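Bear in mind these aren't lab numbers, they're just calculated from the coordinates by the rules spelled out. The model shown is predicted, which means the values in this text are computed figures rather than measured ones. Cβ coordinates were reconstructed from backbone atoms using ideal geometry, including for glycine residues, and neighbour counts include every protein chain displayed.
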Amino acid sequence: MGFFSRRRGARRYEAGEFLFCREILGIQMIDRILELFEEEAETSGNTLTFRRKGMEISFAAFGTGDEGEAGVYARRELDGIRDYFRQVRTENTDTLRNLMFVLGRCQGIVRVNYSFELRNERADQERIAAAENMIAQVLRGMSAVMTKGGEAIAGADGKVILDGNGESEVKSFLPPLEDTSQDDKKKGIPGEALERRRKSVMELRRRQIYVPFWLPVLETEARTQARTKRQVCGRAAALLTVALYSECLLGEGMKPQQARAFVREIIEHFRADEFFSPAEKAYLEDDFSEEAARIHFSWQYENLYVMEWALGMFDSPSWP
């Protein structure tokens, strides 16, 4: 599975692994690592070297956006790791799917290697632990994953996410959350909206559902204008109409003219035509709507459910 090194010579210990990240250029990775540690380091081309208490640890960075051999090397190694895990057979299907999602988004590789002169068992273990802590800090700071032992992928905590035999040391694995704080600050997003998004994302993660932080936020309470009860009822009727219309097309095999006739009573009784969005109106009037559109609008039952809750038809919405 590519680069892996761990050897103990007569007087020197050496070890190394691959880190996979989303940065597309080697220089971006180097800059990010320097930001994480804020200490002196030697830079030579695409390689960064730190020296700590008799230990040398180097980070060589390669991105798919780099020119020449560096870019070729990054693409080859990334293709290799994806192909390797694409062939893995495992019962941990959710873990494999999420891992492949992470690897699929990776554009950069950091080849890390550390070495030190052997002294005694205690001192040697302290240096190994220091190196592993440093690598873990890079993994967290870059939302990256790494190889472990040549046949597995691990996270910042060192636990195996998945190995070549399909085994895992974690109960579940979700893609790391990215830090969007700088972009959020540039956009001037209010703290209330950010906190609401954070709580929603974390609740979904507790249920093992991955949602990225870069999704758009909702309006704050101060900026939004609450709908009247009549407006909520009207939108509920509109949502019911398009969802039921879609169900007639998909589930009952009706023609568009037949489906429109079926939902006409709802439209007239609730005056739903006043509350259709432009997209909904166009869909209901289209005699040749595509199946993808019909499936999309059939999901309006989910939004209708929230409207019914807002109208007090039940105390609290259940989990989907």
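In this rough spin-label picture, where each label sits 7 Å from Cα along the Cβ direction, the TRP319-GLU203 distance is 1.2 nm. For the listed residue pairs LYS148/LYS171; LYS148/LYS185; LYS53/LYS185; LYS171/LYS199; LYS229/LYS281, the alpha carbons are over 27 angstrom apart in LYS148/LYS185; LYS53/LYS185. Maximal additional length on extending the GLU56-GLU39 stretch stands at 4.7 nm, based on 0.36 nm per residue less the C-alpha distance. Between VAL88 and ALA261, the simple spin-label model (points 7 angstrom out along Cα→Cβ) gives 5.7 nm. Distance distribution note for the stretch 229-310: the fraction of Cα pairs above 22 angstrom is 16%. In terms of packing, defined here as the mean over residues of other Cβ atoms within 10 angstrom, the peptides 129-138, 223-232, 175-184 line up highest first as 129-138, 175-184, 223-232.
Taking 0.36 nm per residue of separation and subtracting the current Cα-Cα distance, fully stretching the chain between LEU177 and VAL211 would add 11.4 nm.
Cβ crowding within 10 Å ranks SER200, SER246, SER318 as SER318, SER200, SER246, fewest other Cβ atoms first. With the biggest extent put first, the Cα atoms of the stretch 180-320 measure 51, 32, 30 Å across the principal axes. Per-residue ellipticity at 222 nm from helix content only, as computed over the chain with -39500 (n - 2.57) for each DSSP H run of at least four residues, stands at -15500 deg cm²/dmol. With kT/(6 pi eta Rh) evaluated at 20 °C and eta = 1.002 mPa s, and Rh the Kirkwood radius from Cα pairs, the chain diffuses with a coefficient of 90 µm²/s according to Stokes-Einstein. To the nearest ten degrees, helix 93-105 and the longest principal axis of the Cα atoms of the chain are 70 degrees apart. Put +1 on the Cβ of each Lys and Arg and -1 on the Cβ of each Asp and Glu in the stretch 229-310; which of TRP309, TRP299, TYR245 then has its Cα farthest toward the positive end of the dipole? So the residue we want is TRP309. Neighbour counts of C-beta atoms inside 10 Å place ILE57, ILE153 in the sequence ILE57, ILE153, starting with the fewest. One Cα centroid belongs to the stretch 33-95, the other to the stretch 179-208; the line between them spans 29 Å.
What's the angle, to the nearest 10 degrees (0 to 90), between helix 26-37's Cα axis and the longest principal axis of the chain? Compared with the principal axis, the helix lies near 80 degrees.
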